[in-house]
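Below you'll find the structure, written out as structure tokens, and then a few comments.
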Amino acid sequence: QVQLVESGGGLVQPGGSLRLSCAASGITFSIATMGWYRQAPGKQRDLVALITSGGATAYADSVNGRFTISRDNALNTVYLQMNSLKPEDTAVYYCNARYVGTEYWGQGTPVTVSS
């Protein structure tokens, strides 16, 4: 059974930082492409960042230069370091795994950027 468990969300002031974590189980993590998506109220779920099994990364324009995705294959965990947070980053953040032709999702962790 595949499980993706996110943690690290919360309330932060504009300009602050958060680090999200996603622990994966039930897959061979090292060969999965991992990603972070987010969904704000009333909006579609959009890609934030992804990292391939080889370590290549890609980012949405809106977060490029502020967010960093990384992975630790020994811990089966993917991270999203979020710096210089803005109110428009407020959303539920979802972990995603693309593994042997199938996509898996975590339950989401909320991030609120507000003063």
Going through region 3-38 in order, the residues found to be open to solvent by 40 Å² or more (accessible area, probe 1.4 Å), in contact with a strand residue (DSSP E or B) (Cβ under 8 Å, 6 or more places away or on another chain) and either of a type in the set (Gly, Ala, Ser) or outside any strand (DSSP E or B) (or both) are Ser7, Gln13, Pro14, Ser17, Ala23, Ser25, Gly26, Thr28, Ile31
Restricting attention to region 62-98, report how many residues are farther than 15 Å from Met34 by Cα and among the charged types (D, E, K, R). 4
Taking region 40-56 on its own, how many of its residues are open to solvent by 60 Å² or more (accessible area, probe 1.4 Å) and either out of contact with any helix residue (DSSP H, G or I) (no Cβ under 8 Å at 6 or more places or on another chain) or in contact (Cβ under 8 Å) with a residue 60 or more places away in the chain (or both)? 8
Might you check whether a residue that is open to solvent by 70 Å² or more (accessible area, probe 1.4 Å), outside any loop (DSSP other than H, G, I, E, B) and within 18 Å of Arg19 (Cα to Cα) occurs anywhere in region 89-112? yes
Assess whether Leu85 counts as being surrounded by 14 or more Cβ atoms within 10 Å (Cβ to Cβ), assigned to a loop (DSSP other than H, G, I, E, B) and touching a strand residue (DSSP E or B) at 6+ places or on another chain (Cβ under 7 Å). yes
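The values are calculated or read from the model by the stated rules, or taken from the named source; none is laboratory data. Note that this is a predicted model, so its numbers are computed, not measured. Cβ: placed from backbone, ideal geometry, glycine included. Neighbour counts: every protein chain shown. Accessible surface areas use protein heavy atoms only, side chains included; no ligands, DNA or RNA. Shrake-Rupley method; radii C 1.70, N 1.55, O 1.52, S 1.80 Å.
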